[in-house]
Structures are given as structure tokens and as C-alpha cells.
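See structure below.
The values are calculated or read from the model by the stated rules, or taken from the named source; none is laboratory data. What you see is a predicted model, and the numbers here were worked out from it, not measured in a lab. Here Cβ is always computed from backbone atoms with ideal geometry, including for glycine, and neighbour counts include all displayed protein chains. The accessibility values were calculated without ligands, DNA or RNA, using every heavy atom of the protein model including side chains. Shrake-Rupley method; radii C 1.70, N 1.55, O 1.52, S 1.80 Å.
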Amino acid sequence: MELYSTNNRDLRVSFQEAVFNSLPADKGLYMPTEIPQLSGHFIANLQQYSLPEIAFEVARKLIGNAIPEADLKGIIDEAINFDAPVKLLNSEIAVLELFHGPSLAFKDFGARFMSRVMAYFSANDGQTLDVLVATSGDTGGAVALGFLGVPGTRVTILYPKGKVSQVQELQLTTNGQNIRAVEVDGTFDDCQALVKEAFNDKDLNERFNLTSANSINIARLIPQTFYYFYAYAQLKSQGISEVVFSVPSGNFGNIGAGVLAYKMGLPVRQFIAATNVNDTVPRFLRSGSYEPRPSVQTLANAMDVGNPSNWVRIMDLFGGDIEQVRQQVTTYTYTDAETQQAIQTLFEQYGYVACPHTAIAWLAATAYREQHPGSYATVFLSTAHPCKFPEVFAPEVAGQIVIPQQVKALEGGKKAITSLGVDFDGFKQYLLDNGTV
């Protein structure tokens, strides 16, 4: 597998180099030089395969000979060892549940796969791998559990102070071992900016072996394609062959993976990017002018992103042609009030308890169906377990949430947190002062 930077197609690197360097020096993002096509026979018979079997075939096509097939299969079998069921709410709309992994969020797919790929490549080099990650909520917990106890790694997670839920903060701060949590007195965009600046700092790169676990890392993007194929496989087994995906979108890595799956041959009628009031992309698709704004805190905190990093990947997949993007990607934006009402309506109509991100995706899915009637199925992605957001639910809804055992275990954990401001010099000094394992 060979990759280029979205800012320079002549810059070519191997998959291993892209995994560890995360961000090209020119501040683009890595993308495959060629998008491999899955065979028509494989797509037509997806319903015959399990999730790990689908994941292996997709990863094998994308990664090529970068990892021997036997080793890649071992990575897949260890990392993707939980389900992603599609549940029909009625004959036209279904939910793809992506919260059945250890951290109860869709980001388990990317974090577990990436951690094992990194461990595979670095098994014999003897150098500590420093993983930096910014999180608006769920990424950090998934990365923490994905890397917890992995030899030769040290993870530093930056999250915005007071802007993650109580359960999310427990997942970030109670691990110990090789996981460090830093609360930043700012927004997710500030956290993301600190991580990006660290990768471009000469002193830090000379001192540490830095890499990223954010969705900017190509090893996070690849495994997120798996569940789009698997969702389609489940629908095919029920006689459904035309699908629209509604994706709650913040940093746009999740929907970016869906578009990559589409470009590999997955038949998708339309993608819906459902956002909260952090609507940089919807505004861009309306006006043609990309104007990031500071992020605004909402109930759907994992989507509180004012300058989505992965949008450049989606534009790249469509050759930079905004008209092609508009044809394949529809956007809708919702407020907190609309989100809370959607949570209540989902519960009253279907008995389904949805987190705020999931509720936004359902709102967009229903809006699209009203505007585009047809015989297709609309699948909205449920990206996090509702137990992570107890404060948003009315009592009668909250009472129906079953608290998973791993959350109960967190409640007695001791938090370990470092507090920093948004200035890079302070973050750099923290890394330099705490640079021993």
C-alpha cells in the first residue's frame, strides 16, 4: 500500500510510515494512491460472510502486502471481536449499533485495529511509541482501552475541560499504566491544534517517536469501512439491496470511511452528514466557501468540531469536485432542543433509547426520507451507548438504560488528570518534563 499527502500527490510513503507519522510534513492527510475495487462476486454475496471475514477482505485489499495475510487475519480477529448489529425499527428505517465494543463507542473499531497494527510494526524496534490523541468525547476512551498495557507504547489524551460526559471522563482518566489524561482549558479544536503542532515541532520529534491516534491516522480510517460493508450484508440477508446511510458527523472521519467503502464498490444510494450546530461542512456545501468557526458546546459533544480535519479526505475522494460531493452527500443540522425532542420521539415511537449523536442521525434520516420517498432502507448510525449521557434523558427514558458492567467498574476508579491551558509552549514543556516511561 502506497499513500500520498492530500497537499502533495507526489509525496509517497508506505503504509507503515503513514501509520507512525500520521500527519505529513505539509500538513495534509495521507490517502491511498489507488482505491482498490472489491470483486462484484464478493459484494453480491456479502450476506454469506461474518464481520471478521468482511473486515479481513477489505483490509487485505487496502493494505496489500504491507502486512502478511496470516498476520493481518490475526490482527483482525483480535481487534474486531464484537458485533455491529443492524436493527430494523420499521420496514424503511434501521439503526446500525456501533457501541458493542469495550469502550461503548464506534471508535473501538479504529482504536483497536490501529493499536494492534502499531504494535505489530514496532514489536522489535525497542523504542517507546508516544501516541498523542485529541478527543471531544469517545475517541479518547476507545484509544485508552485499545492501547492499555500494550508494550512499548505511551498514550497522552487531550480533552476539553468540562466538555465531556462523566462516563467519558472516567474512561479517560482512570486507566493508569501507559495512559495519561490531560484536560485542556479550551475546546476540542484547541486540543486538536496542540496535537498537530506537536507533530510539526522539531524538538519533540527529535526527542520522541510521536504518532497520532486521531482519525487523521489512516489506520483509524480503514477499519471504519468494515461496518458499512457489514451493515449492507445484514440488509441483503433480509432482501434489502438499496441503502442510504445517515452518519452523525463531527470530525468527518466516520462518514469519510463510508465514502471510502463506496469508492471501493459498496452500493450506497446516498450519504447523509448529520451535524449539530457546528455546521462548517453544511455551510460549505451550501455556499462553496469553507469557513471554519470556533466549536460550540452541545449535547452531542463528540460532534463539537469547528474545523473538521477529515473533510479534506472526502473532497479528495471526489477529486476536489464540490458538485460531485453535493450529489452524493446530503447535510442536515440540528439544535440541542431538536436533539432532545428526537430522543423522546424515538423512545415513544419505537421504545428505542438513543444517545444525542444517534438522535441527530435519526432526525436527518427521517428528513431525507420525507424529501426523497422510495423503497430503499435508511440506516442511521448509533455511535455511542446512551449510558454515557445520563443528563440528557427524561426520567422515564433514563430508567430504561441498562448500565454495562464495564461502566459500573469505572465508578470506583481513581482519576489522574493533568490540567493545561491552550498554549503550545505549556503542552510542549509537559511532554518534555514527563518523557520517561
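In a simple Cβ point-charge model (Lys, Arg +1; Asp, Glu -1; nothing else charged), the range 312-437 has a dipole of about 400 debye relative to its Cα centre. Gain on full extension, evaluated as 0.36 nm per residue between Asn65 and Gln238 minus their Cα-Cα distance, stands at 58.8 nm.
Using unit Cβ charges (K, R positive; D, E negative) and no other charged atoms, how large, in debye to the nearest 20, is the dipole of the chain about its Cα centre? Using Cβ point charges on Lys, Arg, Asp and Glu, the chain gives about 360 debye. Rolling a 1.4 angstrom probe over the chain with all protein chains present gives an accessible area of which 46% lies on carbon and sulfur atoms. Dipole orientation for the chain: of the candidates Gly152, Leu23, Gln224, Gln224 has the Cα lying most toward the positive pole (charges on Cβ; Lys, Arg +1; Asp, Glu -1). Rounded to the nearest 0.05, what FRET efficiency do Asp10 and Asp321 have when you use their Cβ-Cβ distance and R0 = 22 Å? So the FRET efficiency works out to roughly 0.60.
Among [x] 30, 26, 22; [y] 37, 22, 20; [z] 50, 26, 20, which is the computed semi-axes √(5λ) of the Cα gyration tensor in Å? Computed from these coordinates, semi-axes √(5λ) of the Cα gyration tensor in Å corresponds to label [x]. Taken as Cα centroids, the range 252-277 and the range 209-233 sit 13 Å apart, rounded to the nearest whole angstrom.
Estimated at 0.36 nm per residue, the fully extended path between Lys27 and Asp433 surpasses their Cα-Cα distance by 143.5 nm.
Spin-label model, Glu411 to Asp83: label points 7 Å out along the Cα-to-beta-carbon direction sit 2.6 nm apart.
Rolling a 1.4 Å probe over the heavy atoms of the protein chains gives the range 111-190 an accessible area of 29 Å² per residue.
Here are some pairs, Lys27/Lys263; Lys161/Lys388; Lys61/Lys87; Lys107/Lys428; which of them have Cα atoms lying more than 19 Å apart in this structure?
The answer is Lys27/Lys263; Lys61/Lys87; Lys107/Lys428.
Return, ordered by residue number, the residues of the range 411-437 whose backbone nitrogen is under 18 Å from a label point located 7 Å along Cα→Cβ of Glu197. So the set is 419-434.
Think of a 1.4 Å ball rolled over the protein heavy atoms: the range 320-363 then has 41 Å² of accessible area per residue. Distance from the Cα centroid of the range 302-321 to that of the range 122-166 is 23 Å (rounded to whole angstrom).
Where Lys and Arg each count +1 and Asp and Glu each count -1, what net charge lies around Leu98 among other residues with Cβ under 11 Å from its Cβ? Walk me through the numbers before you get to the answer.
On the way: positive: Lys107; negative: Asp83, Glu97, Asp108, Asp138.
For residues surrounding Leu98, the net value is -3.
For the chain, hydrophobic long helices are taken as DSSP H runs at least 18 Å long by C-alpha position along their axis with mean Kyte-Doolittle hydropathy of -1.0 or more; these are 107-121, 336-350, 356-371. Between Ser289 and Ala367, the modelled labels are 2.2 nm apart [label points 7 Å from Cα along Cα→Cβ].
Considering only Thr345, Leu381, Tyr332, and ranking their Cα positions along the charge dipole of the range 318-381 that arises from unit charges at the beta-carbon of Lys, Arg, Asp and Glu, the one farthest toward the positive end is Leu381. Rolling a 1.4 Å probe over the heavy atoms of the protein chains gives the range 31-87 an accessible area of 46 Å² per residue. Dipole of the range 271-402 computed with +1 at Lys/Arg Cβ and -1 at Asp/Glu Cβ about the Cα centre; of Phe284, Phe271, Gly320, farthest Cα towards the positive end is Gly320. When the chymotrypsin sites (Phe, Trp or Tyr not before Pro) in the range 234-295 are filtered for DSSP coil states and for at most 16 other beta-carbon atoms within 10 Å of their beta-carbon, the remaining sites are Tyr290.
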